[in-house]
Amino acid sequence: MSQARTIIAKLRQRQTPSRDELNWFATGLADGTVTDAQAGAYAMAVCLNGLGDVGRVALTIAMRDSGQVLDWDLPGPVLDKHSTGGVGDCVSLILAPALAACGAYVPMISGRGLGHTGGTLDKLDCIPGLSTQLSEARLRDVVARAGCAIVGATSDIAPADKRLYAVRDVTSTVDSLDLITASILSKKLAAGLAGLVLDVKVGSGAFMKDMAAARGLADALVKTANASGCKTTALITDMNQPLAPALGNALEVAEVMRVLTGKAKGPLVEISAALGGVLLANGGLAADVQAGADAVARAIADGRAAERFGTMVAAMGGPVQFVDTWPRFLPEATVIREIAAPRTSYVTAIDGEALGLAVVDLGGGRKVEGDRLNLAVGLSDVVRLGTRVSKGSPLAVVHAARAADADRAEAAVRAAITLGTAQAPVPELIVERIG
């Protein structure tokens, strides 16, 4: 019996393969020794029977080590953050330069959007000339100069994960806790991190709709990352409404620039400070979490984060004066329409996933991998939970390529925003801390 068949048989019989066996399978995924059929059987067996805590750690390390693991020699800790995905979540573009301004180094390996959530790399594609696909030498240069770089994974980073993820997508095994954990962490840990914070979203705009599921994922991620040698904490944060008042690639970048240049505050600053505070404390750059949060907030308020962002953009091929002249560079939609409130009322609920899918339908997100995006479209000025709106005041503004697209988006937005006669309680942004 082949090695692959032996490992799959063990999993089918609810036995956890040894560390050496999981290493062999990850290497086989990366170099092609494992066939697609074997990879699919493996994914299904893990999905149905699980690996347990020890097996999950072993699989994560094996997938991390299936490719290159970066090593750094820098005068500060190498830190990073990962979000499980939500709508209006452009925190990475604020947090990475803010951390850099506080003395950390942030080689942030990010992804593209799929489903109702946006992707950080798609947002950066709005900036002319900027490339997120950097060689290792270029990545090291940008991190050294700017303190941060937000890039896509190269083919050398966790290649076993890239192969297994493609198989999971077509075998209905995406929702395995063990495989989700190993997929997220193998790429992050391959970046050579000293510390990681996880932003696990819960609510209508998140993949995890309830606290039990969010807590289970957060717990698995924290335990596995710490057991793999990376100091890690998770925050469970609310996603029952968009984090930013904008959804869509260029519109979210515009909101980021308003935050970085002192023209906007709100939840984006609050969550950036909370996540950054944990990282700076864990990385030894702050006495405690609150001191770290205060340091991140100051770096955003006094312009140091904006300066780092501008240095990063220029180093990655973007405009040298982007921070000062950003409105002239971002694409704009041809149809812009306000969605007026039908009556004076309160915003009592928001279906974040429905809003995200409305942006996808406008062309701002992918229905299938490989779809070409319209970076200008989306929603802006989205109302927040608990807001009292007057009849005729905007619930949101649609940015579309055609009037027919705007019609569909308007109908979707009206269906996604619930209005009532009494003000409903607004959930706390930071729900729980784990680790």
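FYI, it's all coordinate maths here, none of it is from the lab. The structure displayed is predicted, hence computed values, not measured ones. Glycine gets a Cβ as well: all are built from the backbone with ideal geometry, and neighbour counts include every protein chain shown.
Miscellaneous remarks
- Extension gain for the segment GLN3 to ASP175, taken as residue separation times 0.36 nm less the Cα-Cα distance, is 59.3 nm to one decimal.
- Projecting label points 7 angstrom from Cα along Cα→Cβ for SER131 and TRP72 puts them 2.3 nm apart.
- Cα gyration tensor category, rounded, prolate or oblate, for region 193-290 with a/c compared to 1.5: oblate
- Here the gap between ARG343 and ASP294, fully extended at 0.36 nm per residue and compared with their Cα-Cα distance, gives a gain of 13.6 nm.
- Ranked packing of 159-166, 125-132, 178-185, 70-77, most packed first, by mean Cβ within 10 Å: 178-185, 159-166, 125-132, 70-77
- Axis angle, to the nearest 10 degrees, between helix 267-282 and the longest C-alpha principal axis of the chain: 30 degrees.
- Cα-based values for region 229-361, radius of gyration first and Dmax second, are 17.7, 55 Å.
- Distance histogram for the chain (every C-alpha pair counted, 20 angstrom bins, percent rounded to whole numbers): 26, 57, 17, 0
- Most mobile of VAL313, VAL296, VAL46 in a GNM of the chain (Cα contacts under 10 Å): VAL46
- Comparing Cα centroids, region 12-41 and region 370-435 end up 44 angstrom apart.
- Nearest 10 degrees, 0 to 90: helix 304-315 Cα axis against the chain principal axis: 70
- Placing +1 on the Cβ of every Lys and Arg and -1 on the Cβ of every Asp and Glu, with no other charges, gives region 154-231 a dipole of roughly 120 debye about its Cα centre.
- Extension gain, TYR165 to ASP31, is 46.7 nm, computed as 0.36 nm per intervening residue step minus the present C-alpha separation.
- Of the trypsin sites (Lys or Arg not before Pro) in region 330-435, the ones in a loop by DSSP (not H, G, I, E or B) with at most 14 other beta carbons within 10 Å are ARG343, LYS367, ARG372, ARG384, LYS391, ARG402.
- Projected label distance in nm at ASP361 and ASP53, using a 7 Å step from Cα toward the beta-carbon: 4.5
- For LYS367, a cut-off of 15 angstrom between C-alpha atoms picks up these aspartates and glutamates, skipping any fewer than 8 places away in its own chain: ASP122, ASP169, GLU353.
- Cβ-based charge dipole, region 134-201, positive-most Cα from VAL170, ALA194, ALA144: ALA144
- About its Cα centre, the dipole of the chain is roughly 300 debye, where the only charges are +1 on Lys and Arg Cβ and -1 on Asp and Glu Cβ.
- Lysines whose Cα lies under 23 Å from that of LYS188, excluding same-chain neighbours fewer than 8 positions away: LYS81, LYS123, LYS162, LYS201, LYS223, LYS231
- Coil-residue GluC sites (Glu not before Pro) of region 353-435, DSSP, other Cβ within 10 Å capped at 14: GLU369, GLU428
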